[in-house]
Amino acid sequence: MPRRPNTSPQAIAVFSALLERTDQWRHGYDIMQATGMKSGTLYPLLIRLHESGLLETEWTTPDGVGRGPRHVYRLTHEGTIFARCAIADAAAKATTPPAKLKPLGASS
Amino acid sequence: MNGMNRRAIANAVAGRFAGLMPAKYADWALAMESECKAIRNPDEANRFAFGGLWTCFKQRSCEMEFRLKIGHYGLIGGQMLLAAFAIVGAVGNWAVHQPTAFVYVALSFAFGICGLVGLLRGTRAMFFSAGTLFFASLIALATVNTPWALGQGWVNMPLYRALAIEGVVIWATLAVVAAALLTWSYRETASR
């Protein structure tokens with residue numbers, strides 16, 4: 001059965017990291033450190049979440065001399081609801097034991 | 001390699017993001033570049049930069065135009081590879097049986113020229129050259145099965161027949177793939 005979009009283990013990890021501080025903007029590198037993900041996995045996911053309307057982005061003003069602006073991220077209102085549901089679903093799946101298969105020829 | 005060199009590599013790689021990323025994700029390319037520059041540890045910055053490069057490639061590979069290019073150059077590369085294999089066959093047969101070596105040389109030329117035509121003139125020209133060589137292979141296959149050819153007493157007749165069949169299959173495949181690339185390309189152009 002195909003998985004719902006944006007409910008991969010990587011997406012769940014990003015949601016968990018972003019839900020820790022929903023009111024704060026987070027840098028990409030900060031999310032990488034929180035999730036242990038590599039940039040090659042994280043950024044395509046952030047792009048997809050942004051395109052789905054679950055993530056909002058902003059450019060921050062430089063916080064020091066010689067520093068450039070940085071892109072920061074946080075969940076939208078819709079994204080926060082979606083993330084909570086996705087995490088709850090993932091947790092429920094993890095605690096549900098797999099259905100046992102009956103051996104062939106076994107009587108019910 | 002010292003930290004400054006590693007940092008320079010990371011910055012150089014990050015500087016390529018904007019050119020590699022599809023135009024609609026230009027903002028994301030800038031975002032990754034600025035993030036990479038903000039990372040203090042040069043090793044971390046390097047890892048980030050190469051991951052960013054992979055992101056650009058991933059996003060680019062979602063575009064039909066890029067896939068068509070990959071298909072086009074894949075066809076050319078495949079033909080060049082077949083030309084090289086034919087040259088190896090020619091070299092291997094040179095001392096044993098020269099006519100067979102000449103057949104391999106001719107095959108190598110055919111693959112090489114078809115590939116070059118694709119490289120210089122595009123997919124459409126490659127479709128026509130593959131189509132022409134497909135019909136040439138059909139004629140060759142028919143010829144090796146004629147009573148005249150069978151009466152010539154060629155020692156490598158089964159090999160010539162196999163090469164003719166191989167030519168029919170390979171050039172038919174190339175022509176079909178080139179036609180598919182052309183069709184997708186037209187559809188892509190029409191949808192814009």
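Values in this text are rule-based calculations from the coordinates and carry no lab data. Being a predicted model, the structure only gives us computed values, none of them experimental. Positions of Cβ are generated from backbone atoms using ideal geometry, with glycine treated the same way; all protein chains shown enter the neighbour counts.
Averaged over A:40-48, how many beta carbons belonging to a partner chain fall within 10 Å of each residue's beta carbon?
Values: counts 11, 4, 5, 15, 9, 1, 4, 8, 0.
Mean partner-chain Cβ count within 10 Å for A:40-48: 6.
Counting pairs of alpha carbon atoms under 8 Å apart in space and at least six apart in sequence, what relative contact order in percent does region B:89-192 give?
Numbers: 74 pairs, mean separation 27.7, N = 104.
Across region B:89-192, relative contact order equals 27 percent.
Counting only lysines at least 8 places from A:Lys93 when in the same chain, those with an alpha carbon closer than 24 Å to its own are A:Lys102.
For B:Ile9 and B:Phe135 in one chain, what is 0.36 nm times their gap in residues minus the Cα-Cα distance, to one decimal in nm?
On the way: separation 126, 0.36 × 126 = 45.36 nm, distance 5.15 nm.
Using 0.36 nm per residue and subtracting the Cα-Cα distance, I get 40.2 nm.
Give me the one-decimal Kirkwood hydrodynamic radius in Å for chain B, with the sum taken over alpha-carbon pairs.
Kirkwood hydrodynamic radius for chain B: 20.1 Å.
Residue pairs exceeding 23 angstrom between C-alpha atoms, taken from B:Lys37/B:Lys58; B:Lys24/B:Lys69; A:Lys38/B:Lys69: A:Lys38/B:Lys69. Legend: P(r) of the protein assembly as shown from all alpha carbon pair distances, 10 Å bins from 0, whole percents, reading 6, 19, 18, 15, 16, 14, 9, 3, 0.
Using packing as a proxy for protection, rank A:73-82, B:144-153, B:47-56 so that the peptide with the highest average count of other Cβ atoms within 10 Å comes first. Please list the in-between numbers first.
On the way: A:73-82: 17.2, B:144-153: 11.1, B:47-56: 22.8.
Top of the packing list down: B:47-56, A:73-82, B:144-153.
When the chain is fully extended, how far beyond the present Cα-Cα distance does B:Arg16 get from B:Trp94, taking 0.36 nm per residue of separation?
Net length gain for the segment: 23.3 nm.
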